[in-house]
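Below is one structure, written out as structure tokens; comments come after it.
The values are calculated or read from the model by the stated rules, or taken from the named source; none is laboratory data. Model, not experiment: these values are computed from the prediction. We place every Cβ from the backbone using ideal geometry, glycine too, and count neighbours over all the protein chains shown.
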Amino acid sequence: MASRQEEKEQRRRERLERERAEQAAAKRKRLLAIVGGTVVAAAIVVGVALAVSGGGDDGERPGDAAVASAARAAGCVYRSFESEGNNHVTEPRTAGDYETNPPTSGDHDPTAAPDGLYPPGNEPEIANWVHTLEHGRIILMYRPGAPQATVQALQRLYEEPVKDNPASYHMVLMRNNTRMPFQAAAVAWRHYIGCNNVTPAAIDAMREFRDRYVDQGPEFIP
């Protein structure tokens with residue numbers, strides 16, 4: 001009898017031990033679920049904060065939403081890009097050396113093209129005007145063969161005061177020499193807006209773009 005009683009007691013202790021182990025395992029599982037949910041929630045919050053603040057690698061910053069909205073309303077294309085670099089090189093550069101068209105960053109000539117209006121056929125070389133973008137300039141450009149009305153609309157925009165600065169402040173107007181897919185474009189360092197129909201709404205979008213990105217290059221040159 002004593003042996004059977006001891007066996008019974010042993011089985012009871014084993015059962016209790018299993019129940020305690022199962023309860024402990026369930027508690028750990030609940031804790032892991034809570035911690036995991038907290039981590040996911042924190043990641044979502046961080047992701048939302050980055051999206052709102054313009055963080056991340058896509059180049060978006062506060063204020064870009066207004067440019068994007070104006071571009072959409074005008075039927076234009078607005079893009080932001082990562083930097084392709086900014087080394088000084090002396091060998092000639094072609095449109096094929098850049099990942100965007102028109103180019104928005106990348107290796108360039110040591111000499112930046114001066115601000116100003118360039119008559120057709122006298123536009124600066126690509127490597128020179130990419131350097132100009134690095135200095136925070138806005139380049140307005142039109143495709144060869146663009147209607148005269150397009151050129152005139154861009155020239156009127158070029159001749160406007162820029163925010164609290166004089167007319168044509170840190171601006172370039174030139175004929176495009178990269179065979180860009182747009183009739184007209186406004187280009188800044190790492191950004192462009194391109195339009196195939198240069199309507200008043202398109203000019204408004206380019207003005208919004210100009211005011212957003214002028215003097216926003218990695219090098220400020222007065």
So which of P200, P120 is surrounded by fewer than 16 Cβ atoms within 10 Å (Cβ to Cβ) and either out of contact with any Pro (no Cβ under 9 Å at 6 or more places or on another chain) or at positive phi (or both)?
-> P200
Starting from region 154-174, keep only residues that are in contact (Cβ under 8 Å) with a residue 12 or more places away in the chain, then list their pairs with residues that are polar (S, T, N, Q) whose Cβ atoms are within a distance under 6 Å, requiring at least 6 positions of separation or different chains.
-> Y158/S168
List every residue pair whose Cβ atoms lie under 6 Å apart, where the two residues are 6 or more positions apart in sequence or sit on different chains, the first residue falls within region 182-199 and is in the same structural domain as A74 (by TED's automatic domain parsing), and the second residue, located anywhere, is of a type outside the set (A, V, I, L, M) and modelled with pLDDT under 95.
-> R190/G59
Considering only residues that are within 17 Å of N122 (Cα to Cα) and without any contact (Cβ under 8 Å) to a residue 60 or more places away in the chain, look in region 135-149 and name the one that is farthest from the chain's Cα centre (by Cα).
-> G145
Are any residues in region 113-135 under 15 Å from R93 (Cα atoms) and in contact with a Lys or Arg (Cβ under 8 Å, 6 or more places away or on another chain), and if so, which ones?
-> E123, E125, I126, A127, V130
Every pair of residues 6+ apart whose Cβ atoms lie under 6 Å, when the first sits in region 64-92 and is part of a helix (DSSP H, G or I) while the second is aliphatic (A, V, I, L, M) and surrounded by fewer than 18 Cβ atoms within 10 Å (Cβ to Cβ) | A73/A201; A74/A201
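Could we say that Y213 is hydroxyl-bearing (S, T, Y), surrounded by 18 or more Cβ atoms within 10 Å (Cβ to Cβ) and touching a residue at least 24 places away in the same chain (Cβ under 8 Å) here?
Values: hydroxyl-bearing (S, T, Y): yes; surrounded by 18 or more Cβ atoms within 10 Å (Cβ to Cβ): yes; touching a residue at least 24 places away in the same chain (Cβ under 8 Å): yes.
It is true that Y213 is hydroxyl-bearing (S, T, Y), surrounded by 18 or more Cβ atoms within 10 Å (Cβ to Cβ) and touching a residue at least 24 places away in the same chain (Cβ under 8 Å).
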